[in-house]
Amino acid sequence: MELVLAKSQDALVLTSMSKRAFDSDIEAGGLQIGGPPGYQSNKYHAKMASQKHLYTFYNNGLIVGGAILFKDGTNLYIGRIFIAPEHFREGLGIKLMEMIENLYSDVVTFTLDTPLWNIRTNNFYQKLGYEIEKKDKCILH
């Protein structure tokens, strides 16, 4: 497994994967198909790649997911992570988060947002030791 800064040519594949992953949230309590801002935009993912915020997650040489990360000193905001739906329930989300935490071993605080209605992601992050800081937005540390 490997987590590397995305190349500009990865943006198209990662956009498709992001769209499919977030659209699947309808199966986890979502009221409608959708996701975070830019989740289905090639332009957004290309911009994140050019600004070195977009990461490509490989398993056995295949792209299986991605992450958008923002570092500020000793703080890391995890803008989002996503795994291709065909690879759900393989433990790849856990491995991706472990790789992010290892890549940013100098970080003191990891922060992310996840919707309250999404039981799947809330359970996932809490299983990894993240704690709810604010319930209105469900910001986890």
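The values are calculated or read from the model by the stated rules, or taken from the named source; none is laboratory data. Since the structure is predicted, the reported quantities are computational estimates derived from the model, not experimental observations. FYI the Cβ positions are ideal-geometry reconstructions off the backbone, even for glycines, and counts take in every protein chain you see. The accessibility values were calculated without ligands, DNA or RNA, using every heavy atom of the protein model including side chains. Shrake-Rupley method; radii C 1.70, N 1.55, O 1.52, S 1.80 Å.
For segment 1-109, which trypsin sites (Lys or Arg not before Pro) are both in a DSSP coil and crowded by at most 14 other Cβ atoms within 10 Å?
Working: sites: K7, K19, R20, K43, K47, K52, K71, R80, R89, K95; in loops: K7, K52, R89.
Listed in order of number, the matching sites are K7, K52, R89.
Using the Cβ-Cβ distance between L128 and R20 with R0 set to 25 Å, the FRET efficiency works out to roughly 0.65.
Where the accessible area of the chain is counted over protein heavy atoms with a 1.4 Å probe, how much of it, in %, is carbon and sulfur?
Numbers: 4170 of 7810 Å².
Answer for the chain: carbon and sulfur cover 53 percent of the accessible area.
Would segment 34-79 count as rounded, prolate or oblate if I go by the C-alpha gyration tensor, calling it rounded below 1.5 in a/c and otherwise prolate when a/b exceeds b/c, oblate otherwise? Oblate, because a/c is 1.5 or more while a/b does not exceed b/c. In terms of the Cα gyration tensor, with a ≥ b ≥ c the square roots of its eigenvalues, is the chain rounded because a/c is under 1.5, prolate because a/b exceeds b/c, or oblate? Rounded shape, in that the Cα axes give a/c under 1.5.
Can you say what percent of the DSSP beta bridges in the chain, counting only those with both residues inside, are antiparallel? Round to 5. Provide the component values of the computation, followed by the final result.
Working: 22 of 26 bridges.
Antiparallel bridges: around 85 percent, rounded to the nearest 5.
Accessible area per residue for the chain is 55 Å², calculated with a 1.4 Å probe on protein heavy atoms, without ligands, DNA or RNA.
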